[in-house]
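For reference, the structure discussed in these notes is given below.
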Amino acid sequence: MRKLYLIIIVAIIVAAVVYLLRPREVSHPREDEFVDAYVDLALLQQYGDTSVARFNAERDSVLAVHGFTDSSLLALKQELNQDPILIAKVWDKIEAKLLALKEEYNPLNATPSDTVLSSGKQAGFMDSKQARDKSKGSSTH
């Protein structure tokens, strides 16, 4: 009978250790916000106004929409860089979003007014936060 108890206790301990050491999904609470902000900033850089003052104002507007300042975005980037697996996942998400937007919108078919960002958003694009909210809403229906 003691052997049975011993086997059960060892099995429970092994199961607990395996559970605690299992690989976990790496994430950060503000990961999606960082991805969305970075994608919108990349769009702004590519399609935004070329004057420095206007670009900086629009950049500040894009950051504010996502709840960031220059310093808070940089601090989050440095924090994410501390985990190589997480930052690789974040950059993959950014690249995937930019590729999807590039495929969705071809500037060669656009009129000149379509290629200008207005208030931090390009004509024909939702900002990333709106797109994420829309996809969340459509996935529940």
**OP:** Those residues that are under 14 Å from the mean Cα position of the chain (by Cα), of a type in the set (A, V, I, L, M, F, W, C) and modelled with pLDDT of 85 or more, I need them from region 1-42; list them, please.
**Re:** Phe34, Val35, Ala37, Val39, Leu41, Ala42
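For region 1-13, state whether one or more residues are aromatic (Phe, Trp, Tyr), surrounded by fewer than 10 Cβ atoms within 10 Å (Cβ to Cβ) and either out of contact with any Asp or Glu (no Cβ under 8 Å at 6 or more places or on another chain) or not in a helix (DSSP H, G or I) (or both).
Quick first cut of region 1-13, residues aromatic (Phe, Trp, Tyr) only: 5.
If we keep only those that are surrounded by fewer than 10 Cβ atoms within 10 Å (Cβ to Cβ) too, we end up with 5.
Next, only the ones that are either out of contact with any Asp or Glu (no Cβ under 8 Å at 6 or more places or on another chain) or not in a helix (DSSP H, G or I) (or both) stay: 5.
Yes: region 1-13 contains one or more residues that are aromatic (Phe, Trp, Tyr), surrounded by fewer than 10 Cβ atoms within 10 Å (Cβ to Cβ) and either out of contact with any Asp or Glu (no Cβ under 8 Å at 6 or more places or on another chain) or not in a helix (DSSP H, G or I) (or both).
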Original post:
Considering region 70-99 alone, what residues qualify as being exposed (fewer than 14 other Cβ atoms within 10 Å of the Cβ) and aliphatic (A, V, I, L, M)?
Top reply: Leu74, Ala75, Ile85, Ala88, Ala96, Leu99
Original post:
Taking region 58-69, which residues are surrounded by 15 or more Cβ atoms within 10 Å (Cβ to Cβ), in a helix (DSSP H, G or I) and hydrophobic (A, V, I, L, M, F, W, C)?
Top reply: Val62, Leu63, Val65
Subject >> Contacts under 8 angstrom Cβ, first residue in region 53-65 being of a type in the set (Phe, Trp, Tyr), partner not in a helix (DSSP H, G or I), 6 or more apart >> reply: Phe55/Gly48; Phe55/Asp49
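The values are calculated or read from the model by the stated rules, or taken from the named source; none is laboratory data. Fair warning: this is a prediction, and the values are worked out from it, not measured in the lab. So basically every Cβ, Gly included, is an ideal-geometry build from the backbone, and we count neighbours across all protein chains shown.
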